[in-house]
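The structure appears right after this line, and notes come after that.
The values are calculated or read from the model by the stated rules, or taken from the named source; none is laboratory data. Just so it is clear, the structure is predicted and the values come from calculations on it, not from any experiment. All Cβ positions, glycine included, derive from the backbone under ideal geometry; neighbour counts span all protein chains shown. For the accessible areas, the whole protein counts, side chains as well, though only heavy atoms, and no ligand, DNA or RNA atoms are used. Shrake-Rupley method; radii C 1.70, N 1.55, O 1.52, S 1.80 Å.
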Amino acid sequence: MERTILHCDLNAFYASVEQLLHPELRGKAIAVCGSREERKGIVLTKSEQAKQYGVQTGEAIWQAKQKCPDLLIVPPDFSSYLHYSRLVRELYLQYTDCVEPFGSDECWLDVTGSRRLFGTGEEIAHKIRTRVKNETGLTISVGVSFNKIFAKLGSDLKKPDAVSVIPRNRFRTIVSPLPASAMLGVGRSTCRRLAQCGIFTIGDLAQTDVAFLERKFGKQGVMIWRYANGCDTAPVNPYALRPPVKSVGHGLTAPKDLENNQQVRRLMEFLTQDISHQLRQHRLAARSVQIVVKNPLLSSRQFQMQLETPTQSFRHLTEHAFSLFCRSYDWHLPVRAVTVRAIDLVDADAPIQHSLWTDMAKYEKQNRMELAVEQLRARYGTDCINLGSLTAYTRKNAHTPEPAYAR
């Protein structure tokens, strides 16, 4: 049986939610942007009106304002975005249990088994599009095809509030003239390398010798050739299926460049408390720790090390991450951002072989202390208790309410 796959994409999601919640923003050019104070001042998403001025996702606020001087800058409200994302997914689940999220605003749906109840793929797409609009006030674009790659491609063909169909018997006619960059799996770097080989469109890619692409791009070359020729067979995973957790990490861009080891350590202490909490939630322990350090030139360096014993402890994670930083970073430039990741994860209940030199009394005391902190935060909130070394740091970086929008 021929599969019927939908790709549903909420149009200008963050901006649309803001316009829904703040009527005074409707019909205006707005951009949801990160905090300038925290140096995350880039466009996360823009309204359809801002899009008409050429405002692009990922560009700096000052660049967007040059294109659209009257652009309204809106701070993100992630709790509201999560709420509407869940509402829309609950609607999707009324048509199929095979709903695979791709970010907060996109989902694939396999409605092959739903056609007897709800009609053709195109009819189901229109029903979902209409219901999302009427029941939430948001709009979606839906691509309908026989695989995930072309379904996603279809949702990009018409925006906003539209349905596009790419059937098997006409897919080459529809997709061949499109630029190679329009297809999932072809990023900017790959697109540049393809152009150097004279490959500019999906049709060019489909007609290129696969052996040449494999020599030039390795396994990725074979993959994108298969995608261009409609050979994607990846299933849409059931919504209840959650992939295993392979790493737990947290990163932060500092409000000001960090200039010494002590500042980096405090930031790592802040990050590892969240990582420790997530590890305990998933009942996992880390056998290795990884850090990523970014300088003011936005160049990143990555380092990692194996731990003597698996751990969930934020104290142990901090000690090892900081030790790794001290022996790996030469301070040729200040530090702009730091990410810490717990990797090489194992079951926290698995037996642990400690070193003969491990101070078990100290080890158990540390674990009891951290578990007590977890219980207090679960009952009274995450801010009820903190490390003394982080008191000034967290107050200084605490979020302060911003106006609904600013010019």
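Across the chain, Cα-Cα pairs farther apart than 29 Å form 59% of the total.
Take every pair of alpha-carbon atoms less than 8 Å apart whose residues are at least six positions apart; their mean separation over the length of the stretch 85-167 yields a relative contact order of 20 percent.
How high is the relative contact order of the chain, in percent, counting Cα pairs under 8 Å that sit 6 or more residues apart? Could you put the intermediate results ahead of the total?
Working: 674 pairs, mean separation 57.3, N = 407.
Computed value for the chain: 14 percent relative contact order.
Rounded, prolate or oblate for the stretch 1-56? Axes are the square roots of the Cα gyration tensor eigenvalues, ordered a ≥ b ≥ c, and the cut-off for rounded is a/c under 1.5. Note, shape of the stretch 1-56 comes out prolate.
At 0.36 nm per residue, minus the direct Cα-Cα distance, what do ARG116 and GLU90 gain on full extension? Give it in nm, one decimal, please. Walk me through the numbers on the way to the answer.
Numbers: separation 26, 0.36 × 26 = 9.36 nm, distance 2.07 nm.
The ARG116-GLU90 span can extend by a further 7.3 nm.
The length gained on full extension between LYS246 and ALA348, counted as 0.36 nm times the residue separation minus their Cα-Cα distance, comes to 35.4 nm.
Label-to-label distance, LEU387 versus LYS159, with points set 7 angstrom from Cα along the beta-carbon direction: 4.1 nm. Across the stretch 103-148, C-alpha contacts under 8 Å between residues 6 or more apart give a mean separation that, scaled by the residue count, equals a relative contact order of 28 percent. Taking ARG170, ARG131 and ordering them by how much accessible surface each has at a 1.4 Å probe, largest first, produces ARG170, ARG131. In this simple spin-label model, placing a label point 7 Å from the Cα along the Cα-to-Cβ direction at both THR233 and GLN220 gives a separation of 2.5 nm. Ranking of LYS219, LYS51, LYS256 by solvent-accessible surface, largest first: LYS219, LYS256, LYS51 (1.4 Å probe, protein heavy atoms only, all chains present). Taking amide H atoms as placed 1.01 Å from N in the peptide plane, the amide H of GLU59 lies under 5 Å from those of VAL43, each 5 or more residues away in sequence or on another chain. Projecting label points 7 angstrom from Cα along Cα→Cβ for SER181 and GLU364 puts them 6.1 nm apart. Each principal axis of the Cα atoms in the stretch 165-267 has its own extent, and those three values, largest first, are 61, 41, 26 angstrom. Which entries of LYS51/LYS216; LYS65/LYS256; LYS46/LYS152 show an alpha-carbon separation above 29 angstrom in the structure shown? Listed pairs above 29 Å: LYS51/LYS216.
Based on the Cβ-Cβ distance of ARG26 and MET1, what FRET efficiency does E = 1/(1 + (r/R0)^6) give at R0 = 51 Å, to the nearest 0.05? The formula returns an efficiency of 0.70 here.
Restricting attention to the stretch 21-145, close to 70% of DSSP beta bridges with both partner residues there are antiparallel. Peptide packing for 172-179, 94-101, 297-304, 108-115 was compared via the average number of neighbouring C-beta atoms within 10 Å per residue; ordered from the highest value, the list is 108-115, 94-101, 172-179, 297-304. Close amide H pairs (under 5 Å, H built 1.01 Å from N) link THR139 with ASN11, residues at least 5 positions away or on another chain. A Förster radius of 41 Å, combined with the Cβ-Cβ distance separating GLN281 from SER323, puts the computed FRET efficiency at roughly 0.95. In this structure, LYS256 and GLN304 have a Cβ-Cβ separation that, at R0 = 25 Å, corresponds to a calculated FRET efficiency of about 0.40. Surface listing: THR272, THR57, THR253 arranged by accessible area from highest to lowest gives THR57, THR253, THR272, probe 1.4 Å.
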